[in-house]
Amino acid sequence: MTLGVLAVLAMAFVMFAGFWTDWLWYRSVDYSSVFTTTLWTKIGLFFVFGLLMAAAVGVNIWLAHRLRPPLSAMSMEQQSLDRYRMGVAPYKKWILLGVTALVGLIAGASAAGQWRTWLMWVNGVPFGQKDPQFKLDVAFYAFDLPWYRFLLGFGFAAAVLSLIAAALTHYLYGGLRVTSPGARATAAATGHLSVLLGLFVALKAVAYWLDRYGLAVKSSDFKATGNWTGLRYVDANAYLPAKTILFCIAVICALLFFATLWRRTWQLPVIGFGLMVLSAILIGGLYPAIVQKFQVQPNEQAKEAPYVEKNLEATRQAYGIEDAEVTGYSGERDTDDVTKLRDDVEKTASLRLLDPNIVSPTFQQLQQIRNYYGLPANLDVDRYKDKDGNVQDTVVGLRELNLSGIPKNNWINDHFRYTHGFGVIAAKGTAADEEGRPVFTESDLPSKSSNGGDLGTYEQRVYYGEKTTQYSIVGGPQKEIDYSDNSGEKTTSYKGDSGVDLSGPVNRAAYAAAFGEPQILYSGAIGEGSKILYNRTPKERVEAVAPWLTIDGDAYPAVVDGKIQWIVDAYTTTNGYPYASRTTLGDTTADSLTAADNQRAVVAQQNQVNYIRNSVKATVDAYTGEVRLYQWDTQDPVLKTWMKAFPGTVEPKKEISQNLMDHLRYPQDLFKVQRELLTRYHVKDADTFLSGSEVWQVPDDPTNRSGDAVPPYYLSMKMPGQDTQAFSLTTTFTPNGRDNLSAFMSVNAEAGTGDYGKISILKLPTGKTVDGPKRVQSQFNSEPDIAESIRLLRGGGDSEVEYGNLLTVPLDGGLLYVEPVYVRGSNLKYPLLKKVLVTYGGATAFENTLDEALNKVFGAEGTSTEPPDPGTDEGQDGTSPPTSSDPTVQNALDDAQKAFEDGQQALKDGDWEAYGKAQKDLEDALRRAEDAQSAAGDGGDKAQDSEKGSGGG
């Protein structure tokens with residue numbers, strides 16, 4: 001008994017610990033109202049519906065017991081149940097309480113899970129738009145109908161459970177008979193069970209009535225449109241009248257069941273119920289099938305066209321693509337003299353050579369500094385001003401904590417000493433140095449600006465990030481490792497406001513139980529001022545404080561007002577927008593990047609929605625963990641509903657500072673959802689839509705063999721008709737099942753501008769073949785000179801060639817394709833930019849720099865797009881001969897420089913044999929230089945010279 005009591009107390013404390021730690025965490029982030037509102041809503045639903053279910057079942061069991069016949073009237077069949085009745089009699093009150101408590105607990109727990117449905121119903125805000133069939137506000141389908149369906153389901157469950165419980169009680173006490181001759185039920189049992197059956201049938205009538213409205217949000221597969229939502233011809237002309245007729249039949253049938261209170265016979269109710277079932281089969285199933293077969297299929301396009309038009313309009317409104325501007329585009333250049341276009345390239349786009357999805361290992365190798373720092377596999381593209389105030393596309397990453405790289409893993413190191421990352425790493429998106437490395441504008445440790453960068457002074461410690469998934473205990477007697485420099489290791493102690501205090505024994509015991517870590521309870525490393533930090537990824541924190549939002553798969557960092565802020569895009573969604581087709585978010589937002597990087601989660605996994613808005617922009621401070629939610633879409637009724645339910649949690653849009661606004665952008669996941677819908681919904685007339693002749697597809701990523709969709713790319717560019725460049729998100733479309741180009745799509749991603757969110761689509765002529773991304777990539781690979789150059793870059797298989805983002809830019813009626821090519825050498829762990837592929841109007845170039853490639857394609861020199869890396873002393877060929885104070889090393893470097901120059905000349909002459917010999921001489925010279933450096937202990941220069949030599953090769 002003692003062990004049993006202790007076990008119960010332990011389980012009770014674990015449950016208390018979970019509740020208490022959640023409360024402490026919400027209080028620490030100043031969102032305790034979210035916790036309390038959610039908690040009280042769940043408790044209220046649990047008790048109300050739990051008590052209703054318990055009362056319904058309990059009252060019917062009690063009533064069946066009260067209506068039992070006298071024992072003298074019982075048959076032999078019932079007399080055989082005496083022993084069961086005798087066994088139940090002493091405990092019948094407890095059994096009644098136990099049964100009702102069990103069904104009440106189950107029903108209450110189920111109801112508590114409907115807290116979102118309840119809050120949306122009680123706080124619902126009108127959309128101001130009506131559905132075309134029933135003329136009801138969209139809010140009825142989004143907010144009201146789900147709650148009514150829950151109530152109906154609860155009613156069915158209560159009726160069925162009450163009916164089963166009453167029938168068993170009647171049988172146990174003689175009111176019902178199965179094998180005995182004579183009447184099968186007493187009059188009292190007949191009346192009682194008839195009323196319950198009448199309630200069930202009445203609920204079925206209500207279900208038929210709600211099903212009429214449910215047709216407006218009914219999902220079905222339709223070959224012309226995929227996942228169709230809304231009424232079709234057969235729904236409007238067969239199912240809708242059938243539901244109305246079945247409603248009337250069910251009402252009559254329910255009245256017949258209720259009539260058995262006066263006419264103690266089952267005859268009429270049973271006949272009525274049979275007719276209802278037969279009507280459901282004939283009217284609700286067979287008749288619509290006949291209409292579909294003999295009226296719709298012979299002339300489907302004409303019959304469905306009016307309903308398709310409604311679906312087109314509703315879907316475009318629900319996904320925010322109703323204003324997408326589709327214009328014709330020739331796909332061929334308008335200017336005869338192509339050389340005049342050379343300078344137009346710089347005015348049209350800032351061509352980004354640094355692919356954020358490839359260069360993470362390069363950032364890691366060159367700027368990681370310490371093994372216990374790490375960067376995400378996919379970096380981010382943002383915009384920053386240089387020292388002259390010019391905005392430039394910048395590739396950004398943070399040094400986050402990487403526990404796998406610390407010298408020794410143990411509980412103290414993992415949770416007390418190594419607690420945070422340090423600093424921003426940033427590089428120009430449009431440039432690389434002569435060795436193919438990024439031109440860093442923010443680098444070193446501590447991070448500082450260089451090469452024209454200007455991030456200013458900011459708090460560099462990163463306690464909250466995408467890779468920071470473990471808890472840390474900070475602020476107590478144990479000092480944290482801050483960073484290391486030439487003067488040695490620095491320590492710090494966390495001074496932020498976040499975290500939960502661990503000074504008290506109750507909190508320590510609660511977290512020891514919640515985290516399953518007993519050392520938290522008794523460790524001497526925890527003392528006065530100690531705080532525990534957890535839920536440290538931006539996505540986790542925003543999801544916790546706003547559980548009603550769907551979070552974008554990619555948070556990105558920005559330096560704003562002296563702080564590193566994680567910016568998180570969040571969406572409001574519903575699957576109750578009438579006539580709008582549904583999409584599965586997890587499938588729609590997946591592409592070649594999400595498949596390759598597990599950390600970059602696809603949004604909402606497999607949630608199906610048919611309405612989405614980027615209604616909230618959230619920020620998470622990388623040092624303090626502070627979460628702020630800003631209202632972004634001020635017209636979204638779903639957001640307004642949640643703001644009523646959780647007042648004070650979302651700040652008005654006007655609170656967004658200008659510095660933060662400069663870094664907000666159009667979210668990728670929303671763009672991917674919209675582009676997937678626009679593969680079909682770019683057309684506006686029903687006939688074209690139904691014919692399927694204009695269906696597009698998102699092409700597979702041609703730069704790899706994953707078979708997944710090409711990701712959209714951020715790029716500062718100018719669309720035809722625009723006066724200046726704008727930060728944009730772009731993608732391409734191809735015809736369904738083919739590889740030529742159908743359209744190019746971009747959206748203005750520059751927040752705070754009048755055109756933000758404007759979708760522009762350039763549609764290529766259907767009668768003309770314009771190469772799409774896959775064909776362009778195939779042409780690159782099939783060019784003999786390019787293929788041979790790539791073979792040489794691979795060096796016989798010792799090096800790995802990686803293709804960067806294939807950028808597409810509309811230019812003078814034609815399409816300019818630019819693709820950086822990276823080489824990961826056999827002696828390097830990271831890729832370097834070595835070549836640039838460019839094609840335009842049938843001309844293709846594969847050169848060392850973007851300038852050279854553009855000059856070759858356009859046959860003219862223009863303004864340089866790749867400024868040389870500041871601080872280098874360039875020779876005539878643009879390279880800087882390395883030097884050393886060691887004569888032996890210098891001789892080897894001179895030989896390496898000569899071999900490099902010979903190789904470059906051989907490339908120009910097309911002498912591949914000479915090029916191969918020069919590469920071998922270069923490798924030998926570099927090896928001699930390395931050996932000499934090692935002998936001299938000149939380790940600092942070794943890595944640099946090795947990189948330069950490899951870059952030259």
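The values are calculated or read from the model by the stated rules, or taken from the named source; none is laboratory data. Note that this is a predicted model, so its numbers are computed, not measured. So basically every Cβ, Gly included, is an ideal-geometry build from the backbone, and we count neighbours across all protein chains shown.
Residues in the range 156-177: is at least one assigned by TED's automatic domain parsing to the domain that holds V99 and over 23 Å from W266 (Cβ atoms)?
Yes, that holds for at least one residue.
Exactly one of (1) in contact (Cβ under 8 Å) with a residue 12 or more places away in the chain; (2) assigned to a loop (DSSP other than H, G, I, E, B) is unmet by K135. Its number?
(1)
Hey, could you check the range 849-861 for residues that are of a type in the set (A, V, I, L, M, F, W, C) and more than 11 Å from E819 (Cα to Cα) and say which is surrounded by the most Cβ atoms within 10 Å (Cβ to Cβ)?
Result: L854.
Sort out for me the strands (runs of 3 or more DSSP E) sitting completely within the range 354-453 that have 3 or more residues that are closer than 30 Å to Q897 by Cβ.
Fully inside the range 354-453 and qualifying: 424-432, 438-443.
Condition (residue is more than 22 Å from G405 (Cα to Cα) and surrounded by fewer than 20 Cβ atoms within 10 Å (Cβ to Cβ)) applied to the range 480-492: is it met by at least one residue?
The answer is no, given that none of the residues of the range 480-492 is more than 22 Å from G405 (Cα to Cα) and surrounded by fewer than 20 Cβ atoms within 10 Å (Cβ to Cβ).
Could you please tell me which pairs satisfy a Cβ distance under 8 Å, a separation of 6+ or placement on different chains, a first residue in the range 768-788 that is without any contact (Cβ under 8 Å) to a residue 60 or more places away in the chain, and a second residue that is part of a helix (DSSP H, G or I) and surrounded by 14 or more Cβ atoms within 10 Å (Cβ to Cβ)?
Note: pairs meeting the criteria are D771/Q779; N781/I790.
Test V391 against the criterion of being out of contact with any helix residue (DSSP H, G or I) (no Cβ under 8 Å at 6 or more places or on another chain), surrounded by 23 or more Cβ atoms within 10 Å (Cβ to Cβ) and of a type in the set (A, V, I, L, M, F, W, C), and give yes or no.
no
Check V545 against each of (1) in contact with a Phe, Trp or Tyr (Cβ under 9 Å, 6 or more places away or on another chain); (2) more than 21 Å from D569 (Cα to Cα) and name the one condition it does not meet.
Exception for V545: condition (2).
What pairs can you find where one residue is in the range 560-571 and outside any strand (DSSP E or B), the other is among the acidic types (D, E), and their Cβ atoms are less than 8 Å apart, with a gap of 6+ or different chains?
G562/E459
For the range 546-557, how many residues meet the condition of being over 12 Å from the mean Cα position of the chain (by Cα) and surrounded by fewer than 24 Cβ atoms within 10 Å (Cβ to Cβ)?
Residues that pass the stated criteria total 3.
Pull up the range 622-663, narrow it to residues that are basic (K, R), assigned to a helix (DSSP H, G or I) and in contact (Cβ under 8 Å) with a residue 12 or more places away in the chain, then point me to the one that is surrounded by the most Cβ atoms within 10 Å (Cβ to Cβ).
Among those residues, the one meeting the criterion is K640.
What pairs can you find where one residue is in the range 354-378 and in contact (Cβ under 8 Å) with a residue 40 or more places away in the chain and farther than 23 Å from V710 by Cβ, the other is in a helix (DSSP H, G or I) and of a type outside the set (V, I, T), and their Cβ atoms are less than 6 Å apart, with a gap of 6+ or different chains?
Y372/G405; L375/S360; L375/F363; L375/Q364
Do you know which of the residues in the range 298-319 that are of a type in the set (G, A, S) and under 11 Å from S581 (Cα atoms) is farthest from the chain's Cα centre (by Cα)?
The selected residue is A314.
Restricting the search to the range 643-681, which residues are of a type outside the set (A, V, I, L, M, F, W, C) and within 22 Å of S581 (Cβ to Cβ)?
P667, Q668, D669, K672, Q674, R675, E676, T679, R680, Y681
Take the residues in the range 295-324 that are of a type in the set (A, V, I, L, M) and part of a loop (DSSP other than H, G, I, E, B), then tell me which one is farthest from V234 (Cα to Cα).
Going through the qualifying residues, I end up with A324.
Being over 25 Å from the mean Cα position of the chain (by Cα), farther than 30 Å from P446 by Cα and assigned to a helix (DSSP H, G or I): is that true of R342 here?
For R342, the condition - over 25 Å from the mean Cα position of the chain (by Cα), farther than 30 Å from P446 by Cα and assigned to a helix (DSSP H, G or I) - is met.
Within the range 825-848, can you find the residues that are surrounded by 19 or more Cβ atoms within 10 Å (Cβ to Cβ) and without any contact (Cβ under 8 Å) to a residue 60 or more places away in the chain?
Across the range 825-848, the qualifying residues are K835, L837, V838, A845.
State whether one or more residues within the range 718-729 are surrounded by 14 or more Cβ atoms within 10 Å (Cβ to Cβ), more than 27 Å from the chain's Cα centre (by Cα) and closer than 24 Å to T315 by Cα.
Looking through the range 718-729, none of the residues is surrounded by 14 or more Cβ atoms within 10 Å (Cβ to Cβ), more than 27 Å from the chain's Cα centre (by Cα) and closer than 24 Å to T315 by Cα.
A645 fails exactly one of the following numbered conditions: (1) over 27 Å from K130 (Cβ atoms); (2) out of contact with any strand residue (DSSP E or B) (no Cβ under 9 Å at 6 or more places or on another chain); (3) not basic (K, R). What is the number of that condition?
(1)
Just the residues that are under 30 Å from the mean Cα position of the chain (by Cα) and either modelled with pLDDT of 90 or more or outside the structural domain of G452 (by TED's automatic domain parsing) (or both), please, taken from the range 405-417.
D414, H415
Would you mention how many residues in the range 771-785 are in a loop (DSSP other than H, G, I, E, B) and crowded, with 19+ Cβ neighbours inside 10 Å?
1
Just one of L210, L161, L168, L145 is buried (at least 20 other Cβ atoms within 10 Å of the Cβ) and either in a helix (DSSP H, G or I) or in contact (Cβ under 8 Å) with a residue 12 or more places away in the chain (or both); which is it?
From the options L210, L161, L168, L145, the qualifying one is L145.
How many of the residues in the range 548-559 are in a strand (DSSP E or B), within 18 Å of M643 (Cα to Cα) and touching a Phe, Trp or Tyr at 6+ places or on another chain (Cβ under 7 Å)?
Here the count works out to 1.
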